[in-house]
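The values are calculated or read from the model by the stated rules, or taken from the named source; none is laboratory data. Nothing here was measured: the structure is a model prediction, and the numbers come from that model. All Cβ positions, glycine included, derive from the backbone under ideal geometry; neighbour counts span all protein chains shown.
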């Protein structure tokens with residue numbers, strides 16, 4: 001098995017609040033560190049009642065301060081919402097506080113609806129994402145002679161940068177810049193194989209960032225819900241399915257409790273059922289035996305260098321149990337089949 005990592009949205013569940021979400025995220029990260037997960041990434045989303053990680057760099061600092069070895073980072077920062085200098089300063093600060101543990105994944109989308117994007121940026125300017133990425137990388141290099149604007153802290157720290165994507169654009173850019181690439185196959189599975197092919201075949205090793213990869217490095221997102229039985233995993237997964245339908249309907253709220261899976265399925269219209277299959281069809285849901293089988297097939301089919309696991313589970317104890325089962329499957333605890341053997345990947 002390749003290394004396994006975690007993608008967290010600091011979920012706010014029905015009846016709870018952001019403070020509890022942050023405490024749960026830290027608790028999960030501390031367990032993940034003991035279980036042998038390689039990275040713990042948090043995502044930037046805005047105006048979403050179920051997501052507490054909008055101020056992503058702040059939450060990264062919270063998680064990194066409460067752990068000691070696991071890499072912590074952004075999966076990702078939505079760069080169009082920010083100036084490259086501000087992000088260089090934020091992640092330069094994090095890298096100064098937690099040396100050799102901070103990752104910076106960069107996304108091109110706003111992480112919000114268009115109205116919220118306007119509130120974040122004041123205007124929707126032309127797409128300058130490729131130029132902004134290179135400007136940000138430059139801020140992490142040693143300052144050039146006579147350079148008047150520097151990231152302090154940030155300059156000379158060479159924070160590892162990843163390109164994130166849910167389309168073919170990100171795959172092309174990551175390949176062109178010679179950067180590691182994380183594809184959002186957990187919600188955009190339809191373009192996954194095409195994105196993998198573009199990234200693998202077009203990858204050009206470059207010296208754009210220090211300690212960069214000499215070959216392509218592909219991380220794929222997978223929704224995984226594991227439980228002691230297939231039926232219990234299916235029940236837990238209905239929370240994630242409800243979140244997606246609420247997003248489509250424009251009725252977003254906190255993460256809802258799970259429902260009986262058969263009753264939930266019977267309540268869906270044919271269009272809703274097709275939409276769930278289209279977006280969440282690559283999810284792996286079931287007992288340890290079922291998840292192991294699904295993961296083995298997925299890794300053999302994609303050749304992923306790393307898996308990042310997303311799991312929107314309502315009950316925190318059940319969420320912990322899901323990630324614990326995945327860690328056992330991945331060989332993270334004692335078996336030496338992947339995560340610890342690859343611990344030098346940064």
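Looking only at segment 63-101, residues that are in contact with a helix residue (DSSP H, G or I) (Cβ under 9 Å, 6 or more places away or on another chain), assigned to a loop (DSSP other than H, G, I, E, B) and over 23 Å from residue 309 (Cβ atoms) come to 2 in all.
Can you tell me which of 136, 94 is farther than 23 Å from residue 25 by Cα, buried (at least 19 other Cβ atoms within 10 Å of the Cβ), touching a residue at least 24 places away in the same chain (Cβ under 8 Å) and touching a strand residue (DSSP E or B) at 6+ places or on another chain (Cβ under 8 Å)? Before you say what the answer is, go through the steps one by one.
Numbers: 94 fails: farther than 23 Å from residue 25 by Cα.
Within the list 136, 94, the selection yields 136.
Among residues that are in a loop (DSSP other than H, G, I, E, B) and under 19 Å from residue 72 (Cα atoms), residue 252 is not included. Scanning segment 270-293 for residues that are modelled with pLDDT of 95 or more and not in a helix (DSSP H, G or I) yields 283, 284, 285, 286, 287. The residue that is nearest to residue 155 (Cα to Cα), counting only those in segment 76-88 that are modelled with pLDDT of 95 or more and buried (at least 19 other Cβ atoms within 10 Å of the Cβ), is 88. Residues in segment 5-41 that are part of a loop (DSSP other than H, G, I, E, B) and touching a strand residue (DSSP E or B) at 6+ places or on another chain (Cβ under 7 Å): 6 in all.
Selection of segment 64-83 for residues being over 30 Å from residue 251 (Cβ atoms) and touching a strand residue (DSSP E or B) at 6+ places or on another chain (Cβ under 9 Å) yields 64, 67, 70, 71, 72, 73.
Any chance you could count how many residues in segment 251-267 are modelled with pLDDT of 95 or more and in contact with a helix residue (DSSP H, G or I) (Cβ under 8 Å, 6 or more places away or on another chain)?
Of segment 251-267, the ones modelled with pLDDT of 95 or more are 253-267.
Still in the running and in contact with a helix residue (DSSP H, G or I) (Cβ under 8 Å, 6 or more places away or on another chain): 253, 255-261, 264-265.
Summing the residues that are modelled with pLDDT of 95 or more and in contact with a helix residue (DSSP H, G or I) (Cβ under 8 Å, 6 or more places away or on another chain) in segment 251-267 gives 10.
Among the residues of segment 173-195, those that are surrounded by fewer than 24 Cβ atoms within 10 Å (Cβ to Cβ), touching a strand residue (DSSP E or B) at 6+ places or on another chain (Cβ under 9 Å) and assigned to a helix (DSSP H, G or I) comprise 173, 175, 177, 191, 192. Residues that are closer than 23 Å to residue 54 by Cβ, at pLDDT 95 or above and out of contact with any helix residue (DSSP H, G or I) (no Cβ under 8 Å at 6 or more places or on another chain) do not occur anywhere in segment 119-135. Within segment 46-70, residues that are on the phi > 0 side of the Ramachandran plot and touching a residue at least 12 places away in the same chain (Cβ under 8 Å) sit with their Cβ atoms under 8 Å from residues that are in a loop (DSSP other than H, G, I, E, B) and surrounded by fewer than 22 Cβ atoms within 10 Å (Cβ to Cβ), at 6+ positions apart or across chains, in these pairs: 47/112; 47/113.
Please tell me if residue 104 is in a strand (DSSP E or B) and in contact (Cβ under 8 Å) with a residue 12 or more places away in the chain. Show your work before the answer.
On the way: in a strand (DSSP E or B): yes; in contact (Cβ under 8 Å) with a residue 12 or more places away in the chain: yes.
Yes; evaluated as a whole, the condition is true for this residue.
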